[in-house]
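Student: Mind looking over this structure? Questions follow.
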Amino acid sequence: MSTKVGSITKIKKSKKTDVKDLAEKIKRNALLKQKKQQEEAQSSSSSSSDSKKEVETVKEIAITPDDELKFKTFAQLNLVPELMESIQQMKYTKPTPIQSEAIPYALEGKDIIGLAVTGSGKTAAFAIPILQALWESQSPYFGLVLAPTRELAYQIKETFDALGSSMGVRSVCIVGGMDMMDQARDLMRKPHIVVATPGRIMDHLEHTKGFSLKSLQYLVMDEADRLLDMDFGPALDKILKIIPTKRTTYLFSATMTNKIEKLQRASLQNPVRVAVSTKYQTADNLIQSMMLVSDGYKNTYLIHLLNELSGKSVIIFTRTCAHSQRTALLARILGFSAVPLHGQLSQGQRLGALNKFKSGVANILVATDVAARGLDIPSVDAVINYDIPTDSKAYIHRVGRTARAGRSGKSISLVTQYDLEMYLRIESVLGKKLPKDPSPEREVLQALHHHVDKAAAEAIRQTKDFHEKRTRRNKGGDDRDREER
């Protein structure tokens, strides 16, 4: 009996021990779990802090016109003699504010976000540091410059060619509207600098055998805010995945958007942000005004203005390709030397029109916003907004075609009753009211209106013929005024 009781007692003690051990085990597991959660929380907090730190490492430098330049002559930069020779040949006497602030940081190998009004020398601000670094490396596919329009891409290539002329720099321009096979041959010659529109360079990365950007050292996005628009997003994302993450990146633009801020966090390493202008700013030496236009008299007001600006170099901006073609024809019929520039022209026609305007063969360029970005035509005396842009940034870029590199310039916007809302929005963004130009005398307008109306009818007929011929030539073609290729 006593043996049985002892046995029962042992069992009870054993059960108590098991329960105690189990409780201890549960407690230990709970403590381990709590410790693990704390570590994860600390890790997450640290990661968040690092992420925040990464954003905060953007060094902000705002420059006002009164600030002293960081360097006053290019000779102070210790550039290679060959590059200095080209700078002197191009008559770059002293740096612009964006060049003065951005170039020294770029020469140190920093990533740059450069913000400055159009015509302030942004192209040289990124070309000079790249060419200086190229002198040491001499490797092919050293730099890729992305631009939103074909015309801007050609212009950037010209700047690299001029600055690199004494260094033997090989560059190539890869844009839509040109033969892919010819471009592939150019790429196989292993150029140092590739200037391209995003869609077309992506085409070559996917389809041109032997072409790769795996050794790329420099990426530049000029007019970066435009490149981040929906049209370019997919191609840009693919390019960023293909090219090396270890590289130097420059973003340059006249206007800043939140999209650039996102890209800045994703693609730049401890960048320096150099801002010579505020978010939306026009040149100080630009005289801006508006003219209220009676319904049905817009063409008459335009021709009156062209008479007033006779002999001057003028860019007229329209909203659509059809308006650009028709308005150029209207001006031509009435005896003005005008050429159109828009997305429905072939690449050869577009470059031809631009060259005629630059050389002075034609003194009036009638363009869509394809000409609003980055084009450097120093001698433009006036810009006329025939159609008010729907986007305030587009207005900044349009009027930035005049009053460049310290010269004075004038912009006039023709505002109908239907444009008032858009125009008031632009004034709100600019932070000022623009003066109103007096309308021409009624007798002058009436005398002009009859001739303009007849010419407008003929211009409409010729524009219709242009579109019909183009449709027959390019059946099923894409008429959108875009530059994705």
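The values are calculated or read from the model by the stated rules, or taken from the named source; none is laboratory data. Every value quoted in this text rests on a predicted model; they were computed, and no experiment measured them. Every residue, glycine among them, receives a Cβ derived from its backbone with ideal geometry; neighbour counts consider all protein chains shown.
Student: Taking Ser166 as meeting all but one of (1) at pLDDT 95 or above; (2) more than 23 Å from the chain's Cα centre (by Cα), write down the number of the exception.
Tutor: Looking at each condition in turn, Ser166 falls short on (1).
Student: Could I ask something else about it? Among the residues of segment 353-394, what is the count of those that are farther than 18 Å from Val117 by Cβ and among the basic types (Lys, Arg)?
Tutor: So the answer is 2.
Student: For residues that are over 16 Å from Asn307 (Cα atoms) and either buried (at least 16 other Cβ atoms within 10 Å of the Cβ) or in contact (Cβ under 8 Å) with a residue 60 or more places away in the chain (or both), tally how many sit in segment 432-445.
Tutor: Number satisfying all stated conditions: 3.
Student: Let me ask another. Please work out if Thr245 is part of a loop (DSSP other than H, G, I, E, B) and in contact with a Phe, Trp or Tyr (Cβ under 7 Å, 6 or more places away or on another chain).
Tutor: Details: part of a loop (DSSP other than H, G, I, E, B): yes; in contact with a Phe, Trp or Tyr (Cβ under 7 Å, 6 or more places away or on another chain): no.
No, not satisfied.
Student: Hey, can you tell me all the residues within segment 69-89 that are closer than 22 Å to Glu136 by Cβ and assigned to a loop (DSSP other than H, G, I, E, B)?
Tutor: Phe71, Asn78, Leu79, Val80
Student: Determine, yes or no, whether Lys358 is over 18 Å from the mean Cα position of the chain (by Cα) and basic (Lys, Arg). Walk me through it before giving the result.
Tutor: Numbers: over 18 Å from the mean Cα position of the chain (by Cα): yes; basic (Lys, Arg): yes.
So Lys358 fits the description; yes.
Student: Check segment 462-474 and report whether any residue there is modelled with pLDDT of 90 or more, among the hydrophobic types (A, V, I, L, M, F, W, C) and out of contact with any Cys (no Cβ under 6 Å at 6 or more places or on another chain).
Tutor: no
Student: Can you pull out the residues in segment 399-425 that are closer than 30 Å to Gln99 by Cβ and surrounded by fewer than 24 Cβ atoms within 10 Å (Cβ to Cβ)? Show your work before the answer.
Tutor: Keep residues of segment 399-425 that are closer than 30 Å to Gln99 by Cβ, which gives 399-411.
Arg404, Ala405, Gly406, Arg407, Ser408, Gly409, Lys410, listed by residue number.
Student: Still on this structure, I have one more. Tell me, which residue of segment 181-193 that is of a type in the set (A, V, I, L, M) and out of contact with any His (no Cβ under 9 Å at 6 or more places or on another chain) is nearest to Leu134 (Cα to Cα)? Can you show your working first?
Tutor: First pass over segment 181-193, keeping only residues of a type in the set (A, V, I, L, M): 181, 184, 187-188, 193.
If we keep only those that are out of contact with any His (no Cβ under 9 Å at 6 or more places or on another chain) too, we end up with 181, 188, 193.
Working: Met181: 27, Met188: 19, Ile193: 9 Å.
Ranking the qualifying residues of segment 181-193, first place goes to Ile193.
Student: Would you be able to say whether some residue in segment 249-267 is modelled with pLDDT of 90 or more and of a type in the set (Val, Ile, Thr)? Explain how you work it out, then say what you get.
Tutor: Taking segment 249-267 as the starting set, the residues that turn out to be modelled with pLDDT of 90 or more are 249-252.
Narrowing further to those that are of a type in the set (Val, Ile, Thr): 249.
Scanning segment 249-267, I find at least one residue that is modelled with pLDDT of 90 or more and of a type in the set (Val, Ile, Thr), so the answer is yes.
Student: Here is a further query. Kindly indicate whether any position in segment 426-437 is under 30 Å from Tyr92 (Cβ atoms) and of a type outside the set (D, E, K, R).
Tutor: As a first pass, look at segment 426-437 and keep what is under 30 Å from Tyr92 (Cβ atoms): none.
No, segment 426-437 has no match at all.
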